[in-house]
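Reviewing the structure listed below.
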Amino acid sequence: MEKVNIGIVGCGGIAGAHLRGLTQLYEGGYRDFAVTACCDLEEARASAMAEKYEAVLGIKPAVYTDYREMLEKETSMDAITIYTTHENHHDIAIAAMESGRHVTTEKPLGFTLRAARQIMDKAEETGMLLHVAENYRMAPAERAVNWAIASGRIGEPRLLNWMDIGERRWYWQWRDHLRIASGGWTIDGGVHFSDLWQLHIGEIQRVTAVSKVFDPVRYISYKSVEEFEEAQKKELPRYRPTRSLKHIDPNELKEPVDADVEDTTSAILEFSNGVIGTWVVSRSAPGRVDRSCVLYGSDGSLAWNEGIFAREGQAGSMGWQEMIDAYMESLTPDERERLFPMGITDTMAIEDKQFIDTVLGRGRFEVDAWTGYKAMAVPMAVYESAAVRQPVLLQDVLDLKIEAYQKPLNETIGL
Ligand SMILES: NC(=O)c1ccc[n+]([C@@H]2O[C@H](COP(=O)([O-])OP(=O)(O)OC[C@H]3O[C@@H](n4cnc5c(N)ncnc54)[C@H](O)[C@@H]3O)[C@@H](O)[C@H]2O)c1
């Protein structure tokens, strides 16, 4: 195989980010792939995505609204990418592998761990490649964090404090519904963070958590207030606007919708190497936003987006950008090319290239199914611990011995 023919399933937000990544690769001279088909339940989205790929790659991908039809008709297709909502990752991945296609799927690997297991079993049975698009770890900043910890700049890690607290009152479509998303921001964003912690710090052994729905109503219609955001930024130095935490005018909230995902979880994470983590997620905490994420070690601490803090009076402190620059300078030209090919730092481009290279038999992608499975197991362990009101061993959650939270979800997808 000289080129990987890719079919895209799901042409919404994240598909656009992958389009950006593949465009960078193509324009940088990496042309070992073609996008031959685009599929979305909404034809207009599939068609718009196909036109965008045509503008970049010169050939218009075929348009489908049914992935099964795409798998059947696109006989030259080698691989598919799954960029759909969570409840159907397993159906699409399994059908694709049964038809002899390699699969890369957006996080989380599956709707539940049982669904994810089925995908992994199918990969084993068919021998097809199964890659999880888990991109956060590929950013220069996260590579630098890993390097700083591994090179002992904060000593032995001791405490992780991960605060992800703010308020979101606007309606985020399927992400507010359990039967499609399988959980709120604890799994949606948490799957990324859990991957980072396991990469940077080590295995998580035990999880003790509580979960709440403080505020089950979200609003379809709202008005965002840019001035309010600016004022907040000045007033609250920690305020960092993100897609999930934008400010809206409270007087302009209309069209309420019932959301049934949790909006708050609080968890203690015990790592196998003795590190103790505290992870709090809330989207129902008005006022002050807290996004402080800090790993404390025996000789200093590392604060995400701030930098390394040495013990008072000692050398070794550095700012965030300074740390990233020092890390980049530490790389050999070969390492730099492997981690940031053609100088590209876009994480979608990097992970997509890893997948394509692996299909072509050049090396192996970094985030395999087991890594993706473990990443989603930590947020699921938070939900399970909250459901059974007890600490849970991660191993029991990985082994599907505890499924109090996931059982009803499995039933909604027929597992
Ligand atoms: N890596 C990241 O940083 C990141 C960021 C955002 C989203 N994601 C992940 O990407 C996936 C999609 O999220 P999104 O934000 O793009 O959502 P989205 O709602 O913008 O897009 C999802 C698309 O999938 C389509 N779809 C759903 N079921 C389908 C089916 N059976 N066949 C064909 N199309 C189908 C929908 O019509 C929609 O167009 C999720 O798994 C999400 O967790 C990852």
Would you check which residues across segment 123-141 are open to solvent by 30 Å² or more (accessible area, probe 1.4 Å) and either in contact with a Ser or Thr (Cβ under 9 Å, 6 or more places away or on another chain) or of a type in the set (A, V, I, L, M, F, W, C) (or both) and list them? Met128, Tyr136
Which of the residues that make up segment 163-200 are within 15 Å of the ligand (Cβ to nearest atom), modelled with pLDDT of 95 or more, open to solvent by less than 40 Å² (accessible area, probe 1.4 Å) and among the aromatic types (Phe, Trp, Tyr)? Phe193
Which of the residues belonging to segment 49-75 are open to solvent by 80 Å² or more (accessible area, probe 1.4 Å) and in contact with an Asp or Glu (Cβ under 7 Å, 6 or more places away or on another chain)? Lys60
Please count how many residues of segment 77-93 are under 21 Å from the mean Cα position of the chain (by Cα) and more than 12 Å from the ligand (Cβ to nearest atom). 1
Mind listing whichever residues of segment 43-76 are part of a strand (DSSP E or B) and within 12 Å of the ligand (Cβ to nearest atom)? Val63, Tyr64
Here is a check on your reading of the model: is Gln354 open to solvent by 20 Å² or more (accessible area, probe 1.4 Å) and farther than 27 Å from Ile6 by Cβ? no
Could we say that Ala46 is in the same structural domain as His89 (by TED's automatic domain parsing), touching a Gly at 6+ places or on another chain (Cβ under 6 Å) and crowded, with 19+ Cβ neighbours inside 10 Å here? no
Residue among Asp258, Asp263 that is acidic (Asp, Glu) and within 19 Å of the chain's Cα centre (by Cα): Asp263
Filter segment 38-71 down to the residues that are in contact with a Pro (Cβ under 8 Å, 6 or more places away or on another chain), over 17 Å from Glu106 (Cβ atoms) and in contact (Cβ under 8 Å) with a residue 12 or more places away in the chain and list them by number. Ala50, Tyr53
Test result for Pro256, touching a strand residue (DSSP E or B) at 6+ places or on another chain (Cβ under 7 Å), assigned by TED's automatic domain parsing to the domain that holds Glu142 and free of Cβ contacts under 8 Å to residues at least 40 places away in the same chain: yes
Any residue at all in segment 343-362 that's more than 28 Å from Ala17 (Cα to Cα) and out of contact with any Asp or Glu (no Cβ under 8 Å at 6 or more places or on another chain)? no
Counting only residues that are over 12 Å from Ala377 (Cβ atoms) and in contact with a strand residue (DSSP E or B) (Cβ under 6 Å, 6 or more places away or on another chain), how many does segment 390-405 have? 1
Sole exception among (1) open to solvent by less than 20 Å² (accessible area, probe 1.4 Å); (2) of a type outside the set (Ser, Thr, Tyr); (3) within 16 Å of the ligand (Cβ to nearest atom) for Leu160, by number: (3)
Give me the residue from segment 11-42 that is within 10 Å of the ligand (Cβ to nearest atom) and not in a loop (DSSP other than H, G, I, E, B) and, out of that set, surrounded by the fewest Cβ atoms within 10 Å (Cβ to Cβ). Gly13
How many residues does segment 255-284 hold that are surrounded by fewer than 19 Cβ atoms within 10 Å (Cβ to Cβ) and of a type in the set (A, V, I, L, M)? 4
Segment 99-152, residues that are within 16 Å of the ligand (Cβ to nearest atom) and of a type in the set (D, E, K, R): Arg101, Glu106, Lys107, Glu134, Arg137, Glu142
Out of contact with any Asp or Glu (no Cβ under 9 Å at 6 or more places or on another chain), open to solvent by less than 50 Å² (accessible area, probe 1.4 Å) and within 21 Å of Ser385 (Cα to Cα) - does that describe any residue in segment 201-220? yes
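Condition check ((1) in the same structural domain as Leu159 (by TED's automatic domain parsing); (2) out of contact with any Gly (no Cβ under 9 Å at 6 or more places or on another chain); (3) more than 29 Å from Met128 (Cα to Cα)) across all residues:
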| site | (1), (2), (3) |
| --- | --- |
| Gly300 | yes, no, yes |
| Ala303 | yes, yes, yes |
| Gly316 | yes, no, yes |
| Met342 | no, no, no |
| Thr347 | no, no, no |
| Gln354 | no, no, no |
Could you tell me whether any residue of segment 104-121 is over 22 Å from Val132 (Cα atoms) and among the aromatic types (Phe, Trp, Tyr)? no
Would you pick out the residues in segment 101-122 that are farther than 18 Å from Gly190 by Cα, outside any helix (DSSP H, G or I) and open to solvent by less than 20 Å² (accessible area, probe 1.4 Å)? Arg101, Val103, Thr104
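The values are calculated or read from the model by the stated rules, or taken from the named source; none is laboratory data. All values reported here derive from a predicted model rather than from experimental measurement. Note that each Cβ is placed from the backbone with ideal geometry, even for glycine, and that neighbours are counted across all protein chains shown. Please note that ligands, DNA and RNA were not included when accessible areas were found on the heavy atoms of the full protein model with its side chains. Shrake-Rupley method; radii C 1.70, N 1.55, O 1.52, S 1.80 Å.
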